[in-house]
Amino acid sequence: MYKLAIISGDGIGKEVMSACEYLLDKLNLDFSFKYGQAGFECFNKNGTTLPEETVKIANDSDAVLFGASTSTPGQPSPIINLRKELNVYANIRPIKSYKGVNCIRDDIDFVIVRENTEGLYSQKEYGNKEKMIAERIITRKASERISKVAFNLCLKRGQEKVTCVHKSNVLKKTDGVFKESFYNIAKNYPQIKTEDYYVDAMAMYLITQPQNFDVIVSSNLFGDILSDESAGLIGGLGLAPSGNIGDHNGLFEPVHGSAPDIAGKNIANPCSMILSASMMLDYLGEWKIANEIKNAVEKVIADCKIRTPDLGGDSNTMEVTKAIVKELI
Ligand code: NAI
Ligand code: MG
């Protein structure tokens, strides 16, 4: 029996989570679900974007599924705080070309490893009306820890190279530490190739030569921005799952946000949420079913018949989900 914490959030978070739960219900696995609130709607009801009860449910679970939440003016981000509470320090974001999708190339297969606990996401900003300062914290400990995850993931994926992305020509001290930590850790992995790029050049290389990357490791903000750019290479945010992994817990969520432009229309692409659930099952050791889900998603996308409007189709969220389930059982 796996204890899952389900935190749908709001906007399309709720829609893609319902789809995901529908699919999980059809699997031959024993889950117990506990539900937690978070996000903008939660703030309007409870006066907080992340109630303590939600953190407790997440902490007590074997794994967490998170949908998406709309940002609340003046309030901290629930997902950033939840990642910190659970100390899920590595945000793993795989990107690959899918058959049947208008990708920039058909041979893309890399993963972004984003540091999840510090950088510009410290949410520590201060100042006055005229001048505001945001703290950008980079520690050697977190930088070495995330590089280690990147190298280990490269081995697990059977790939060749880890690319470190930073801006150490300008952020000499903070990104100096990030880059130095990367090369220190690299010494323990002599069989893996290494390289590093400034983030601005990397933004271009992702478009001009995305096939050349295997594992990309970066700090919090750069990793976040490059993830959405990368999703754009392969057909959009509807196909970009992620896992936040720590030593004691895993939190799985689509890369996308609450998409207010399409929320409530039942047309959100459920694939990134479902692929995130597949990553969760892989994390829980259910490799076979994790793989089957991935294959089912790929099959439905490749068939080009049942797909949501972001991929050029006219099917809705549940029609796509049911098509994926049909491939599974
Ligand atoms: P977004 O990721 O919600 O949407 C960006 C674009 O991608 C929109 O055009 C949207 O319709 C499309 N899109 C996203 N997911 C899709 C899906 N599954 N199927 C089809 N189309 C999809 O980012 P945006 O618009 O910048 O932010 C909206 C809200 O979400 C904001 O309040 C933001 O703070 C929040 N947000 C929350 C995140 C989280 O909870 N993890 C992450 C990113 C943003
Ligand atoms: Mg993002």
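Quick notes on this structure:
- The Cα-based radius of gyration and maximum Cα-Cα distance (Dmax) for the chain are 19.2, 60 Å.
- Extension gain (nm, one decimal) between residue 44 and residue 32, 0.36 nm per residue minus Cα-Cα: 1.5 nm
- Three-way shape label, the range 212-325, alpha-carbon gyration tensor, a/c 1.5: oblate
- Separation of alpha-carbon centers, the range 262-278 and the range 6-22, rounded to whole Å: 8 Å
- Structure note, pairs 294/322; 294/326; 34/96; 26/56; 26/288: Cα-Cα distances above 23 angstrom occur for 34/96; 26/56.
- Sparse packing (at most 16 other Cβ atoms within 10 Å of the Cβ) combined with a DSSP loop state is found for the following GluC sites (Glu not before Pro) in the range 65-150: 130, 135.
- Segment residue 128-residue 303, length gained on full extension (0.36 nm per residue, minus Cα span): 57.5 nm
- Cα extents for the range 221-285 along the principal axes, largest to smallest and rounded to whole angstrom: 36, 28, 19.
- Among the trypsin sites (Lys or Arg not before Pro) within the range 49-147, those in coil by DSSP and having at most 14 neighbouring Cβ atoms inside 10 Å are 99, 105, 124, 129, 131.
- Net lengthening on full extension, residue 62/residue 137 (0.36 nm per residue, minus Cα-Cα): 24.0 nm
- Cα convex hull of the range 112-211 - mean projected area over all directions, nm²: 7.5 nm²
- Mean Cβ neighbour count within 10 Å, used as a protection proxy, ranking 172-179, 22-29 highest first: 172-179, 22-29
- For the range 29-41, 3J(HN,Hα) computed residue by residue from phi via the Karplus equation (6.51, -1.76, 1.60; θ = phi - 60°) reads 9, 9, 10, 10, 9, 10, 10, x, 9, 6, x, 5, 4 Hz, glycine and proline entered as x.
Just so you know, all these numbers are worked out from the coordinates, no wet-lab data involved. As the structure is a computational prediction, the values presented were derived from the model and not from experiment. Please note: Cβ atoms are built from the backbone with ideal geometry, for glycine as well, and neighbour counts cover all protein chains shown.
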